[in-house]
Amino acid sequence: MAQEGKKRPPRTPLTPEEVADFVLLKKIREHKKIAKFRTTKAYKFFNIFNVVCFFIYCELFFCFLGPCHYQTHYTKNVQVNYGKQISELTYDRIVSSIKIISVDDNKYEFQVNEFIEPPPKFSIFEVGKDFLLQKEIKGSLSTSNHQYQIQRASPILFLSVFVAVFSFIFYSYNLNQNPHSLKAITSINAITVLVFLLI
């Protein structure tokens, strides 16, 4: 009998109207929280920083595809790496990559993958940089009319495309309104730009 007296009374389930009021109350609180966060300096700074980073990524990619800042150099040492494919016309092996040491002792590796003549010693070659970060992303050789990607630019270009697409999706779904998700994308952008500066 004593144990029966200590039993907790059964809970009364909420009515549909009470559930609707509870959900509405939570939405109002969340809306007020977001509205308050949007008035802070952190919200404005983080969003401006993320938009600037997005344009940096786009600028790097478009400079790789189109015009960029070119500088002229001269070869001092040229090392050619050949692939397995052989031309049916000249029976030459395909050039997979060309490593160049310039006269000012800078090293460049061009991803070629074409049948071209290797550049001779003391010949002209050009290196293209983007306009904002001045990263060397592509170049051209005196023995070819084509432009080739510089090997060390591969991680920069990959991260630019990946994080730019990620940021676009992030902002398309208005996730920048949430403090936690906004801090997360800001951290990702900060780390990515820092990596760009260190590469």
Cα gyration tensor, segment 68-154 - rounded (a/c under 1.5), prolate or oblate: prolate
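With 10 angstrom as the radius, rank Leu182, Leu198, Leu133 by how many other C-beta atoms surround their C-beta, starting from the fewest. Could the numbers behind the result be given before it?
Numbers: Leu182 19, Leu198 6, Leu133 16.
Sorted ascending by nearby Cβ count, the order is Leu198, Leu133, Leu182.
For a test of the definition: using alpha carbon positions, the gyration tensor, and the 1.5 limit on a/c, classify the chain as rounded, prolate or oblate. Numbers along the way, then the final one.
Values: a/c = 4.25, a/b = 2.86, b/c = 1.49.
Note, shape of the chain comes out prolate.
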Inter-part distance where segment 34-99 and segment 104-120 are each reduced to a Cα centre, Å: 17 Å
Relative contact order (percent, whole number), segment 68-154, Cα cutoff 8 Å, 6+ residue spacing: 29 percent
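Tell me the mean residue ellipticity at 222 nm calculated for the chain from its helices only (DSSP H runs of n ≥ 4, each -39500 (n - 2.57), averaged over every residue, nearest 500). The partial results should precede the final answer.
Working: 5 runs with 90 residues, N = 199.
Counting only the DSSP helices, I get -15500 deg cm²/dmol.
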Residue exposure sequence - Cys63, Cys58 - by fewest surrounding Cβ within 10 Å: Cys58, Cys63
Cα lying deepest toward the dipole's positive end in the chain, options Leu132, Ile188, Ile116, charges on Cβ: Ile188
Neighbour-count ranking [beta-carbon atoms within 10 angstrom, fewest first] of Glu117, Glu17: Glu17, Glu117
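Any read-out appearing in this document is the output of simple, stated calculations on the displayed coordinates, not a laboratory observation. Everything numeric here is computed off the predicted structure, so don't read it as measured data. Virtual Cβ from ideal backbone geometry, glycine too; neighbours counted across all protein chains shown.
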